[in-house]
Amino acid sequence: MALFSQTTQGFQTLLWKCHMFWPVSRCRQLFAASFSIPNREKINYFSSMTSSSTALPVDPKETDVLPAKKRSEIDCKEGKGWDGETKEIPEGKFHFSSSVGAAKKWSMSPVVSRHRFSNVQPPEKPLQAEEWDKLREDFQSPEIFEEVMLNSMIRCNSPIDVAKSLLTHLAKRNGDIAYNLLVKYLTLCVQQGQVSEIRDVYDIMKARFKILESGAYSLLIRGLSNSNQWRMALTVLEEVKKIMIPSRTCYESCIKAASQHQEMKLAFELYSEMLAKDVVPTLHVLQSFFDFSRGMKGAELQKELFGILLYLRENQIYPHRTFMRSIKLWFESLPGGNWRGRLTKIKDSGQCPVCNHQLEDSNLTEEEYSHLSERIIKDVIHGTDTFRKTSPEELEAFQTFVENRLPFDIVIDGLNVSHIKSRKMQCENLFDAINCLAKENARLLVLGRKHMLTNSSNWKREIMKEMQSKADFFFAENISEDDPFLLYATLRSGKHCRFVSRDFLRDHKACLSDSLTRHLFRKWQRGHQIVFFPSAGGKSINFMPAFRYDCVVQTTGDTWHIPYKDVFEEKYSYQIPRKWLCIHQK
């Protein structure tokens, strides 16, 4: 029962007794002698490959702080580990232990191991060494026993002492604990708010590795930020900044901790730092600013919160209902502000029925339209647009085709529309759309592909012939990207022309060379894109005409109008919300 009494000790103390903190040179001699590690492995036995390959061993002979990898290689892999939405570090990403198993790769597929052992039940109390040995011996794949067992402990939220007894036994048996197992133990500690254990694991990792991978840093910061030692999370964040751009989880954990403790100035400093480093905040953390600032005075605080609303405007972000409600309550809580919020639907004319304010027009001025047209043609049509897969000859042929037939009223992404209803032939879907859009004698241009001209199960020659009598068609090569064609034809036809597509066109916005042009592109798109969707019964296609007013957050100083969606959407959407929050001063 000696082991049971030991499990109540600090984890770091236990591992010290297992020689995990002996000098590196002494550890190398022990491991080399005990396991006959070849000469090359004597040097590298302490290395550990992690989910982002950034956990490096401490070596007194080395002076470099950063690994040989470029920062961009580190940054692009952030977010692969544990975050607020995930309760488990992905399996199979840690291929080597940091010492004994350094020369031994896991042979089992991570996907197979995850599914095969997802129902393993951990013990309910700490076990003695022989009991753990027996369980491991009886386990189907002993080489991943500890990993699977810790995953099950995370899933079942097992008592910390159970996990500690397993790792203590492992340290005594092997003289080492692999990096991935330390991270899994850390996950369990964070899950249960075991602050002293989190600090112990952090001390262990600092002693053994120069830097950790992003997922481990996120875990540490999350665990500390949810405790009365939240300022230590800020210290860890500063350490992370020396070696990589901190992940969104790192920043947002610290922001929430500062906000919860009414340190709003600090919270906004971290938020500004996030944006400066191009780390995109979640709607959840943006909402938290309004929640924690409710009823608080201060012109600077109010200015910062107005800045968040302008951030939503600039990036065409639509808050969900819960976020919208937080904004409404914050406005109404402002001391002496006399703000009142009402939910409404804007009239087709663009007038708000609550305050009678006229929203911004979606149309660009002549100068703005001319500027946008020139930039689209230069940056997207003729520029180094990597998303364009067409030949110069085909592009020239298309431009000649368009110039000889201008202007059009509506340009249709034919292939996009043809997939609207899966149970119908693609040509029938397109035919239905053309019939609907041609009712008011609109001049239509349909962008298609050459395979549409081949008689097939989806493209009937007689239907194609009838469609061509109602609209102009341009058939591009099958591998061509038709979005640049769509943009060119719509812009060349004039400000009145609309286009039909469910594509958000984000790739092409990214090709534009400056922020002003990107802003104009989004505004033009909001006012010119006709969105379509199948009817409830699936028998017809419904079209939502482009708005006459601009559907983004907007203000006049004494009014705010905020479009919102009923539910949270992780990805950008081409669909524009119809519901608005009107906030005005009484």
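Using a cut-off of 11 Å between beta-carbons, work out the net charge of the residues near residue 333 (Lys and Arg +1, Asp and Glu -1, residue 333 not included).
+1
Separation between the residue 495 and residue 463 pseudo-spin-labels, each 7 Å from Cα along Cα→Cβ, expressed in nm?
3.9
So what does residue 406 come to for accessible area, using a 1.4 Å probe and Å² rounded to 10?
Accessible area of residue 406: about 50 Å².
Please give the per residue accessible area of segment 366-546, computed with a probe of 1.4 Å over protein heavy atoms only, in Å².
About 47 Å² of surface per residue is accessible.
Leaving ligands, DNA and RNA out of it, rank 393, 403 by accessible area with a 1.4 Å probe, largest first.
My answer, sorted largest first, is 393, 403.
Subtracting the Cα-Cα distance from 0.36 nm times the residue separation, let me have the gained length for residue 470 to residue 340 in nm, one decimal.
41.7 nm
Using the basic label-point model (7 angstrom from Cα toward the beta carbon), what is the residue 439 to residue 455 distance in nanometres?
Computed distance between label sites residue 439 and residue 455 equals 3.3 nm.
Need one number: nm distance between label points at residue 294 and residue 374, each 7 Å from Cα along Cα→Cβ, rounded to one decimal.
With each label placed 7 Å out from Cα toward Cβ, I get 5.0 nm.
How much length, in nm to one decimal, is gained on full extension between residue 586 and residue 139, taken as 0.36 nm per residue of separation minus their Cα-Cα distance?
Going from the current span to full extension adds 153.9 nm.
How much accessible surface does residue 374 have with a 1.4 Å probe, in Å² rounded to 10?
120
For the pairs 424/470; 241/328; 303/586; 345/421, note any where the Cα-Cα span goes beyond 25 Å.
Beyond 25 Å between Cα atoms: 241/328; 345/421.
Efficiency by 1/(1 + (r/R0)^6): what FRET value for residue 272 and residue 428, r their Cβ-Cβ distance, R0 = 41 Å, to the nearest 0.05?
In this case the efficiency is close to 0.20.
Assuming R0 = 41 Å, can you tell me the calculated FRET efficiency for the pair residue 348 and residue 196, based on Cβ-Cβ distance, to the nearest 0.05?
According to the calculation, E is roughly 0.10.
How much accessible surface area, in Å² rounded to 10, belongs to the heavy atoms of residue 135 with a 1.4 Å probe?
About 70 Å², rounded to the nearest 10.
Based on the mean of other Cβ atoms within 10 Å per residue, sort peptides 320-326, 552-558 so the most packed one is first.
Order by mean packing, descending: 320-326, 552-558.
Out of the total accessible area of segment 244-286 (probe 1.4 Å, heavy atoms of protein only), what percent is carbon and sulfur?
Solvent-exposed carbon and sulfur of segment 244-286 make up 50 percent of the total.
By the scheme Lys and Arg +1, Asp and Glu -1, what is the net charge of all other residues having a beta-carbon under 12 Å from that of residue 489?
Result for the local shell: -2.
Consider a paramagnetic label point 7 Å from the Cα of residue 310 along Cα→Cβ; state which residues of segment 522-561 have an amide N under 13 Å from it.
554-557
The values are calculated or read from the model by the stated rules, or taken from the named source; none is laboratory data. Predicted model, so just to flag it, every value in this text is computed and none were measured. As a convention, Cβ positions derive from the backbone with ideal geometry for all residues, glycine included, and neighbour counts pool all protein chains shown. What goes into the accessible areas is simple: the full protein's heavy atoms, side chains included, and nothing from ligands, DNA or RNA. Shrake-Rupley method; radii C 1.70, N 1.55, O 1.52, S 1.80 Å.
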